[in-house]
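The values are calculated or read from the model by the stated rules, or taken from the named source; none is laboratory data. Everything quoted here is computed from the prediction, not taken from an experiment. Backbone-built Cβ (ideal geometry, glycine too); neighbour counts: all protein chains shown. Surface accessibility is based on the protein's heavy atoms, side chains included, excluding ligands, DNA and RNA. Shrake-Rupley method; radii C 1.70, N 1.55, O 1.52, S 1.80 Å.
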Amino acid sequence: MTVEKLSSVSDAYGKVQGAFVSSLIDSSKAAAAGLLPGDVIVSVNQHPVSTPQMVADLTQKQDEILLLGIFRDGRKLFLIVK
């Protein structure tokens, strides 16, 4: 998974803070959980994130399961990554 700083190219820009998912490996756990390119990760295990580095730091401290808060199509959703 590649995450980038949220920029004006995203529909979420100015609506939420988070890290923009620019690409995914199809066979990854995140893809299997339903994460899509274009999603914005806004929290990891209920900890708000505003930068790609925060996402990396929190996912490295992961347990076996991650709860990702995402923003997609104007809605906030949660995905469980196993």
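Cβ-Cβ distances below 8 Å connect the following pairs, each with a first residue in region 31-49 that is within 13 Å of VAL3 (Cα to Cα), a second residue that is assigned to a loop (DSSP other than H, G, I, E, B) and open to solvent by 30 Å² or more (accessible area, probe 1.4 Å), and a separation of six or more residues or different chains: LEU35/MET1; LEU35/LEU24; LEU36/LEU24; PRO37/LEU24; VAL42/GLN17; VAL49/GLN17. Restricting attention to region 51-72 and to residues that are surrounded by fewer than 16 Cβ atoms within 10 Å (Cβ to Cβ) and either touching a residue at least 24 places away in the same chain (Cβ under 8 Å) or of a type outside the set (Asp, Glu) (or both), the residue that is farthest from GLU4 (Cα to Cα) turns out to be ILE65. Can you report the number of residues in region 9-29 which are under 9 Å from the mean Cα position of the chain (by Cα) and surrounded by fewer than 20 Cβ atoms within 10 Å (Cβ to Cβ)? Residues in region 9-29 being under 9 Å from the mean Cα position of the chain (by Cα) and surrounded by fewer than 20 Cβ atoms within 10 Å (Cβ to Cβ): 0 in total. Taken as a whole, the condition of being open to solvent by 50 Å² or more (accessible area, probe 1.4 Å) and in contact (Cβ under 8 Å) with a residue 40 or more places away in the chain applies to GLU4.
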